[in-house]
Amino acid sequence: MTRRSILVFTRRYLPGYKAGGPIQSVANLVRHLHDEFDFSIVTSDRDSGDEIPYENVPSDEWMEVGQARVKYLSRGQWTRSKLESIVRDEPCDALYLNSFFNYPFSIRPMLLRRSGRLPSMPVVLAPRGEFAEGALRIKPKKKRLFLALAKSARLHADVLWQATSEYERQEICCLFGQDAKVHVAPNIPSIQPRDGVCASRPKQQGELRVVFFSRIARKKNLDFLLQQLAHVQGQVELSIHGPLEDESYWEICSRQIKQLPDHIRVRYAGPLRHEEVGQVLSQYDLFAFPTWGENYGHVILEALGCGLPVLISDRTPWRDLKSKGIGWDIPLDQPVRFREAFQICVEMSPEEFALWKHRAREFAESIAHDETVISQNRQLFRLALADDSSPVKTACEMGYE
């Protein structure tokens, strides 16, 4: 059977790493589905926040990267005519857009399609958590305005939405109506849990080594984490890993760090490449991530795979962690519960904490070996290409009234 072709638009791709989860989401998709679909990826020629293109990566020409063809566009090539020519010149059966709000890599292709300047073909759109409440709070006026205009023009009326969880399905249907075509296909895990990853020394009672690993941006809520640590008793070390995406926000966090009591020590350790994540995370006791919203949160699974219990907000698909004995997912309007969880970890004995670490790794391993997730992603593109006779169910048909 001839493989169908998927043309992917995404703002960042390998070898980039500073944009976090979306890069791994697309890379993992290609890795697991290239046996059935040919993927061609259009992306930027530089990493998030960088002024210089990737080293030794040619711009504006197709090249093989793993199991996909990739074209890294220089900034002068993000034009309407260039994107139009790429779609028209590339034999493709469907478009796969990895953002709702990004102008050159999502809005512009949709506008070209709406005006009839692109060939008619199915579109799969993955909002990548952009409809979460916390995400919509960032630049809310611009986002609400575009949402209103897009809905009024029915710009996305016939797209197939990819929701990576039932929570994201509800967010999409809340914005675009209960008859929106939505298929739940969770992100394929980034990891195979690593053998032999464990902290360099066991956790000590009365002490805690905490790691925060994400982009330094308001959505990731580092300032909230610092506020809660100020109330924790015991010797606590917090290491912050991630690119400084928002300098003004980092200034706010830096002022908070200077005001912390002496028994709370904090260091900024810079960004991590994906291949460094396991080795670095395994040196800590607890992963803390009070994010305003994630459609998946690859780093949460990475941390669990390294044997770290996690303390996160309830704005991700990872829920009921305390009942599993692997961490906590707590509403952001209950800061006292974050402080209590930190304190529990500080006071926990090495023997009890070792059990939590063991359960965390076992849970991550069960997720990494779940073949259902790969099947759901394969089904996403089969539905878009009408290779499957089963209809896409609307939200109402799935029970979301």
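Where residues in segment 275-299 are outside any loop (DSSP other than H, G, I, E, B) and modelled with pLDDT of 95 or more, which of them is surrounded by the fewest Cβ atoms within 10 Å (Cβ to Cβ)? Per the criteria, the residue is Phe287. Name every residue in segment 297-316 that is of a type outside the set (A, V, I, L, M) and touching a helix residue (DSSP H, G or I) at 6+ places or on another chain (Cβ under 8 Å), in order of residue number. Of everything in segment 297-316, those that are of a type outside the set (A, V, I, L, M) and touching a helix residue (DSSP H, G or I) at 6+ places or on another chain (Cβ under 8 Å) turn out to be Gly297, His298, Glu302, Gly305, Cys306, Gly307, Pro309, Arg315, Thr316. Within segment 175-187, residues that are in contact (Cβ under 8 Å) with a residue 60 or more places away in the chain and of a type in the set (Val, Ile, Thr) sit with their Cβ atoms under 7 Å from residues that are assigned to a loop (DSSP other than H, G, I, E, B) and crowded, with 20+ Cβ neighbours inside 10 Å, at 6+ positions apart or across chains, in these pairs: Val182/Ala395; Val184/Ser165. Within segment 2-37, the set of residues being crowded, with 19+ Cβ neighbours inside 10 Å and assigned to a strand (DSSP E or B) comprises Ile6, Leu7, Val8, Phe9, Phe37.
Any idea which residue in segment 86-130 is surrounded by the most Cβ atoms within 10 Å (Cβ to Cβ), counting only those that are of a type in the set (Gly, Ala, Ser) and free of Cβ contacts under 8 Å to residues at least 24 places away in the same chain?
Here is the first cut: in segment 86-130, the residues of a type in the set (Gly, Ala, Ser) are 94, 99, 106, 115-116, 120, 126, 129.
Still in the running and free of Cβ contacts under 8 Å to residues at least 24 places away in the same chain: 115-116, 120.
Values: Ser115: 10, Gly116: 8, Ser120: 7.
That would be Ser115.
Yes or no: Ser99 within 21 Å of the chain's Cα centre (by Cα), closer than 16 Å to Leu125 by Cα and in a loop (DSSP other than H, G, I, E, B)? Yes; evaluated as a whole, the condition is true for this residue. Of all residues in segment 28-47, those satisfying the criterion of being touching a Ser or Thr at 6+ places or on another chain (Cβ under 8 Å) and over 17 Å from Trp62 (Cα atoms) are Asn28, Phe37.
Among the residues of segment 305-353, those identified as in a strand (DSSP E or B), more than 16 Å from His231 (Cβ to Cβ) and under 18 Å from the mean Cα position of the chain (by Cα) are Val310, Ile312, Ser313, Asp329.
Screening Gln227 against (1) part of a loop (DSSP other than H, G, I, E, B); (2) modelled with pLDDT of 95 or more leaves a single unmet condition, (1).
The values are calculated or read from the model by the stated rules, or taken from the named source; none is laboratory data. Model, not experiment: these values are computed from the prediction. Positions of Cβ are backbone-derived with ideal geometry, glycine not excepted, and every protein chain shown enters the neighbour counts.
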